[in-house]
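Student: For reference, the structure I am asking about is given below.
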Amino acid sequence: MDKDKLEHHDWLSVDYVRAWYNWKMETGVDSDALKELLNLLQALLSNKENPRILDLGCGPGRFSKMILDAMPGATVLGVDYSPACGQVVWEVIGEKNRARFEFFEGTLNEPQWVRDLGVFDAAVSSLVIHDLKAESHKPLFEAVMSVLTDGGVFLNFDHVGYESPGYTQQLENLQQKYTENMPPIMKAAFAGCGIKIGRDMKRPLSQLCELMRQVGFESVEVFYRWLSKAIYGGYKIFPS
């Protein structure tokens with residue numbers, strides 16, 4: 001995360017991280033999209049008995065746990081810059097999954113270290129990359145490409161911007177309802193940095209897909225979209 005930017009999440013607070021995770025689990029926010037992401041990941045890795053998966057910006061491990069619960073042969077390496085997330089993630093992952101999970105602390109705004117993590121059959125990310133500096137997107141995609149096996153796939157579920165900026169204002173109230181029940185500790189963090197909950201000024205989806213193509217990803221597709229959230233991805237080399 002960019003330490004020079006006003007952050008609308010207090011990811012360095014263990015209390016905040018736990019509150020965020022509990023809110024997501026209790027309300028089911030984004031659960032349908034994450035299930036779609038998991039189904040897609042399983043389908044694209046159906047020929048792998050024991051896939052190694054990289055979870056970029058894993059936070060407290062919500063999606064990592066979903067992978068481990070659904071894919072008994074998979075191992076996951078979760079990456080996050082926050083030591084608070086690194087603490088809470090072990091609570092979330094649980095004892096039965098502990099042997100199949102690793103955690104690495106690192107910032108995605110400077111992703112060159114990703115190249116030292118070994119080789120992966122897939123990389124995933126959920127609701128993280130939109131918070132990086134725009135100039136970090138391409139280097140991150142390049143780093144991910146470098147650690148995927150031939151035939152490896154990268155899938156990202158994230159906030160994306162609209163091609164027509166006017167939609168941001170027009171659909172703000174519709175997007176607002178997904179975060180209206182945030183716990184007080186989260187609302188305070190948003191208010192403290194002056195960001196209006198529900199407003200999305202992120203990079204358009206077409207630009208993100210084009211960046212993936214520029215670094216060499218093949219068969220880049222948008223698999224799911226609802227308002228300003230989308231699942232998109234592509235292969236290092238499309239399997240024959």
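Student: Which ones in the stretch 208-221 are assigned to a loop (DSSP other than H, G, I, E, B) and in contact with a strand residue (DSSP E or B) (Cβ under 8 Å, 6 or more places away or on another chain)? Before the answer, list the steps.
Tutor: Quick first cut of the stretch 208-221, residues assigned to a loop (DSSP other than H, G, I, E, B) only: 215-217.
The one that is assigned to a loop (DSSP other than H, G, I, E, B) and in contact with a strand residue (DSSP E or B) (Cβ under 8 Å, 6 or more places away or on another chain): Phe217.
Student: Pairs under 6 Å by beta carbon, first residue β-branched (Val, Ile, Thr) in the stretch 224-240, partner modelled with pLDDT of 90 or more, six or more apart or different chains?
Tutor: Matching pairs, first to second residue: Ile231/Leu37; Ile231/Phe157; Ile231/Phe223; Ile231/Tyr224; Ile237/Asp150; Ile237/Gly151.
Matching residues to (1) more than 22 Å from Asp15 (Cα to Cα); (2) free of Cβ contacts under 8 Å to residues at least 24 places away in the same chain; (3) over 15 Å from the mean Cα position of the chain (by Cα):
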residue	(1), (2), (3)
Arg52	yes, no, yes
Cys58	no, no, no
Ile67	yes, no, no
Ala70	yes, no, yes
Val89	no, no, no
Pro111	yes, no, no
Phe141	yes, no, no
Ser146	yes, no, yes
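Student: Of all residues in the stretch 74-98, count the ones that are crowded, with 20+ Cβ neighbours inside 10 Å and among the charged types (D, E, K, R).
Tutor: Number satisfying all stated conditions: 1.
Student: Could you run through the stretch 137-170 and say how many residues are under 24 Å from Trp226 (Cβ atoms) and assigned to a strand (DSSP E or B)?
Tutor: Number satisfying all stated conditions: 8.
Student: Take the residues in the stretch 25-50 that are assigned to a helix (DSSP H, G or I) and in contact (Cβ under 8 Å) with a residue 60 or more places away in the chain; name whichever of them is nearest to Ala74 (Cα to Cα). Reasoning before the result, please.
Tutor: Filtering the stretch 25-50 down to residues assigned to a helix (DSSP H, G or I) leaves 25-27, 31-44.
From what is left, the residues that are in contact (Cβ under 8 Å) with a residue 60 or more places away in the chain are 27, 33-34, 36-37, 40-41, 44.
Values: Thr27: 27, Ala33: 21, Leu34: 17, Glu36: 18, Leu37: 16, Leu40: 15, Leu41: 11, Leu44: 13 Å.
Ranking the qualifying residues of the stretch 25-50, first place goes to Leu41.
Student: Now a separate question. Got a sec? Which of Asp200, Asp131, Asp158 is charged (D, E, K, R) and modelled with pLDDT of 90 or more? If you could, list the steps in order and put the result at the bottom.
Tutor: Values: Asp200 fails: modelled with pLDDT of 90 or more; Asp131 fails: modelled with pLDDT of 90 or more.
The unique qualifying residue is Asp158.
Student: Determine if the stretch 19-29 includes at least one residue that is more than 20 Å from Leu127 (Cβ to Cβ) and of a type in the set (Gly, Ala, Ser).
Tutor: Let us first name the residues in the stretch 19-29 that are more than 20 Å from Leu127 (Cβ to Cβ), namely none.
Checking the stretch 19-29: not a single residue is more than 20 Å from Leu127 (Cβ to Cβ) and of a type in the set (Gly, Ala, Ser).
Student: Has the stretch 99-120 got at least one residue that is under 15 Å from Leu155 (Cβ atoms) and crowded, with 21+ Cβ neighbours inside 10 Å?
Tutor: To start, the set of residues in the stretch 99-120 that are under 15 Å from Leu155 (Cβ atoms) comprises 120.
Within this subset, residues satisfying the condition of being crowded, with 21+ Cβ neighbours inside 10 Å are 120.
Yes, there is a match, as at least one residue in the stretch 99-120 is under 15 Å from Leu155 (Cβ atoms) and crowded, with 21+ Cβ neighbours inside 10 Å.
Student: Among the residues of the stretch 222-240, how many are surrounded by 14 or more Cβ atoms within 10 Å (Cβ to Cβ) and either at pLDDT below 90 or assigned to a strand (DSSP E or B) (or both)?
Tutor: Restricting attention to the stretch 222-240, the residues satisfying the condition of being surrounded by 14 or more Cβ atoms within 10 Å (Cβ to Cβ) are 222-224, 227-237.
Remaining after also requiring either at pLDDT below 90 or assigned to a strand (DSSP E or B) (or both): 222-224, 227-235.
Matching residues across the stretch 222-240 total 12.
The values are calculated or read from the model by the stated rules, or taken from the named source; none is laboratory data. A quick note: this is a predicted structure, and the numbers were derived from the prediction, not measured. Glycine also receives a Cβ, built like all others from the backbone with ideal geometry; neighbour counts cover every protein chain displayed.
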